[in-house]
Amino acid sequence: MTPHTSDDTVMPLLSILIPVYNVRAFLEPCVESIMAQISDDDRIEVHFVDDASTDGTRELLIAIVQKLDGRVSAHFRETNGGVGAARNDLLARAQGQYFWFIDPDDIVLPGAIYSMIEVLERDAPDMLIFDYEKKGRLIRGFSGPTECLTNDRDAL
């Protein structure tokens, strides 16, 4: 059964949430890596909150939103409140069943979003933990068994 909002629109499965502050140099590659994996009919929403950037990030984000014609939303804080405040703003705007915070200097590898969607739809987990790559080195996000569901709270 697909969850609906009160106005009977389909609730997004996934909210991708990106807090930004003075990341102009990194923002476009991050956005491109996400948007290349999302089609118009996906149940995925993408939100940005700019935390009062001073390096032109705000202007670039406005241009990105205009270019993507409503496929993403951006919100702008007038004063810098720190990443915690920006993340709280994002959570308040998110409509998805699941939330994924992405840092604006991250690149989402091709296929990652659909692999995640497949797991979310098939298994409805409470949480997903990912491995990631940093400076060419694979970093394990979890030291327990991989590619399986676990209810072992001690392992988590």
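Here are some notes:
- Exposed loop positions in the chain were taken to be chymotrypsin sites (Phe, Trp or Tyr not before Pro) whose DSSP state is not H, G, I, E or B and which have at most 15 other beta-carbon atoms within 10 angstrom. Between these positions, the longest stretch is 1-129.
- Student exercise, the stretch 47-156 dipole from Lys, Arg, Asp, Glu Cβ charges, in Debye to nearest 20: 120 debye
- Label assignment, log10 I(q)/I(0) by the Debye sum over Cα atoms at q = 0.12, 0.17, 0.19 Å⁻¹ derived from the structure, set (1) -0.69, -1.16, -1.25; (2) -0.51, -1.04, -1.28; (3) -0.57, -1.11, -1.31: (3)
- The DSSP beta bridges internal to the chain are antiparallel in roughly 20% of cases.
- Accessible area per residue, Å², the chain with all protein chains present, probe 1.4 Å: 63 Å²
- Accessible-area ranking of 59, 28, largest first, probe 1.4 Å: 59, 28
- Percent RCO, i.e. relative contact order, over the chain, from Cα pairs under 8 Å lying at least 6 residues apart: 28 percent
- Close amide-amide hydrogen proximity is noted between residue 49 and 18, 20, 75, each under 5 Å apart and 5 or more residues distant or on a separate chain (H modeled in the peptide plane; Pro and chain starts excluded).
- Sites listed here are GluC sites (Glu not before Pro) in the stretch 96-156 whose DSSP assignment is loop and whose Cβ has at most 13 other Cβ atoms within 10 Å: 147.
- Within the chain, longest stretch free of exposed trypsin sites (Lys or Arg not before Pro) [DSSP loop, at most 13 other beta carbons within 10 Å]: 1-134
The values are calculated or read from the model by the stated rules, or taken from the named source; none is laboratory data. All of these numbers come straight from a predicted model, not from anything done at the bench. Note that each Cβ is placed from the backbone with ideal geometry, even for glycine, and that neighbours are counted across all protein chains shown. The protein model used for the area step is the full one, side chains on, heavy atoms only, and it has no ligands, DNA or RNA in it. Shrake-Rupley method; radii C 1.70, N 1.55, O 1.52, S 1.80 Å.
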